1. What's the total number of residues in segment 345-365 that are open to solvent by 80 Å² or more (accessible area, probe 1.4 Å), closer than 15 Å to ALA118 by Cα and in contact (Cβ under 8 Å) with a residue 40 or more places away in the chain?
2. For segment 158-176, give me the residue count where each residue is touching a residue at least 60 places away in the same chain (Cβ under 8 Å) and either open to solvent by 70 Å² or more (accessible area, probe 1.4 Å) or among the hydroxyl-bearing types (Ser, Thr, Tyr) (or both).
3. Please identify the pairs in which a residue from segment 411-440 that is over 24 Å from SER295 (Cα atoms) has its Cβ atom under 8 Å from the Cβ atom of a residue that is open to solvent by less than 70 Å² (accessible area, probe 1.4 Å) and polar (S, T, N, Q), counting only partners at least 6 apart or on another chain.
4. Please enumerate the residues belonging to segment 56-101 that are among the hydroxyl-bearing types (Ser, Thr, Tyr) and modelled with pLDDT under 85.
5. Pairs needed: first member in segment 209-223, under 23 Å from PHE38 (Cα atoms) and surrounded by fewer than 13 Cβ atoms within 10 Å (Cβ to Cβ); second member anywhere, hydroxyl-bearing (Ser, Thr, Tyr) and modelled with pLDDT under 80; C-beta distance under 8 Å; at least 6 residues apart or different chains.
6. Taking segment 154-180, which residues are closer than 16 Å to GLY324 by Cα and touching a helix residue (DSSP H, G or I) at 6+ places or on another chain (Cβ under 7 Å)?
7. Looking at segment 302-313, I want the residues that are in contact (Cβ under 8 Å) with a residue 40 or more places away in the chain and have a partner that is part of a loop (DSSP other than H, G, I, E, B) and of a type outside the set (A, V, I, L, M) with Cβ atoms under 7 Å, at least 6 apart or on another chain. Which pairs are those?
8. Going by the structure shown, is SER295 in contact (Cβ under 8 Å) with a residue 24 or more places away in the chain, closer than 30 Å to SER204 by Cβ and among the polar types (S, T, N, Q)?
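The values are calculated or read from the model by the stated rules, or taken from the named source; none is laboratory data. Predicted model only: the values in this text are computed from it and were never measured. Positions of Cβ are backbone-derived with ideal geometry, glycine not excepted, and every protein chain shown enters the neighbour counts. Side chains are part of the model used for accessible areas, which takes the heavy atoms of the whole protein and leaves out ligands, DNA and RNA. Shrake-Rupley method; radii C 1.70, N 1.55, O 1.52, S 1.80 Å.
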Amino acid sequence: MEVIKKNQEVTAEQKNGNRKNPKRKKMKLHIKIFVFLFAGIVFGYVLNAMGGTENPAINGYILPFLQFIGDMFLKLIKMIVVPLVFFCIIDAALSLGDIKKLRSIGVKTVVWFLGSSAIAATIGLVLANLIQPGLGVTFSGDVSTVEVKELPGVYQTILDLIPNNPFAALTNGDMMPIIVFSLFLGFALIGLGEHGKPLANIISLCSEVMFKIVNSILAIIPYGVFGLMSVAMAKYGVAIFGPVLKFIATDYLANVIMVVIVYSVFLRFIGKVSPIMFWKKAFEPWMIAFSTCTSSAALPVSMKVAPKRLGVPKDIASFVLPLGATANMNGTCIYFGIIVLFASQLYGINLSIEQQIMLVLQATFLSVGCAATPQIGLVISITLLTQMGLPLEATALVAGIYRIIDQAHTSTNSSGDLVASVCIASMENELDRSMYNDPNAGREEQAVSA
């Protein structure tokens with residue numbers, strides 16, 4: 001009998017062990033992304049050392065395949081981001097239910113975005129004045145082929161927020177007009193009351209469907225990151241850091257100050273939460289934004305993390321985060337400040353304090369409506385330099401390394417959206433601070449199969 005009992009105990013332990021094994025094989029998504037990011041850097045460096053784009057086999061077979069993996073990931077993200085934002089903004093407005101509450105959150109959000117963008121541009125300018133990244137840099141390049149577009153004025157920028165054709169905006173992926181149209185739909189459905197409930201229920205269901213699709217896309221993020229980083233390193237290697245190392249250091253230092261100091265101050269004194277606990281829980285969307293250089297890629301993950309791990313009510317997260325992905329560009333504002341000073345220092349042009357103050361205002365308004373896509377800061381900086389009468393050679397010099405610094409910009413942009421959602425929820429007295437007492441709260445949502 002004792003032998004049978006022991007055998008039964010052993011069998012039970014084996015079954016329990018078998019149940020635990022699948023958990024041991026699972027890896028948290030942000031860890032998996034980090035592993036694949038590092039692997040992509042190493043693999044890309046090896047390809048670069050073997051000749052990179054000069055090697056026919058690498059350039060003809062390996063790089064196109066890696067680029068295909070990265071492009072497929074980005075295409076899937078682009079596929080889902082427009083309907084996700086459209087339905088979530090409307091659903092968020094409906095969830096708030098009260099026009100007064102919606103107006104309160106909306107005003108706080110817009111003021112927050114403008115204020116934080118101005119702070120970011122100021123940090124970039126101050127560091128560029130102190131470090132002077134443009135001094136000692138020699139330039140040799142032809143920028144005669146650069147096509148400069150005229151920068152619209154403030155009135156035109158506001159008018160551009162209103163879509164001429166909302167269906168065309170949805171087709172073209174123009175995020176700000178989509179957001180504006182979504183808000184109007186939300187307002188109208190709230191005004192209809194019970195009569196609008198059937199359509200409101202359909203929109204809520206569509207929002208849930210979008211998140212279901214997002215869950216399936218999240219599984220391929222690490223592979224997309226691997227492809228994108230491998231291609232970047234294979235093409236450029238480490239040689240691109242040489243001539244503009246000072247510029248890169250200035251840009252990264254400014255972003256570190258914004259993230260580590262400014263955001264942490266916001267979280268401690270406005271959000272009234274532990275910054276350390278926040279960054280532990282928000283690391284995953286930061287990593288996705290850093291490795292993909294697009295806030296659109298991080299947006300779906302941020303919208304899952306904010307309510308499940310950061311204690312932000314779903315209605316506030318669904319309102320602030322999609323809007324922030326387009327209108328809250330703190331990292332890009334930092335770049336605007338640095339590139340203007342870099343250009344002026346490159347040619348020994350002194351900018352007065354008044355000109356630099358105007359630059360902060362221009363950078364703040366320019367950041368509103370920036371598309372959440374890679375390289376957008378580089379494109380807009382050309383119009384900014386043109387408007388200020390500065391030479392465009394600086395952008396040509398930085399273009400080769402822009403992806404490296406854009407990683408810092410995008411991750412600062414994306415994490416700034418999460419900080420904004422936490423602080424606005426706190427100001428509305430709706431933040432669930434109990435999430436910050438448990439470091440593992442919500443982590444079960446982040447595990448994916450290895």
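1. 2
2. 1
3. As it stands, the answer is GLU428/SER104; TYR436/SER274, since those pairs meet every condition given.
4. Kept after step one, since they are among the hydroxyl-bearing types (Ser, Thr, Tyr), are these residues of segment 56-101: 61, 95.
Passing the criteria: only SER95.
5. Correct list of pairs: ALA219/SER449.
6. Selection gives LEU161, GLY173, MET175, MET176, PRO177, ILE178, ILE179.
7. LYS308/GLY442; ARG309/GLY442; GLY311/ASP432; PRO313/GLU430
8. On the way: in contact (Cβ under 8 Å) with a residue 24 or more places away in the chain: yes; closer than 30 Å to SER204 by Cβ: yes; among the polar types (S, T, N, Q): yes.
Considered against the rule, which asks whether it is in contact (Cβ under 8 Å) with a residue 24 or more places away in the chain, closer than 30 Å to SER204 by Cβ and among the polar types (S, T, N, Q), SER295 comes out as yes.
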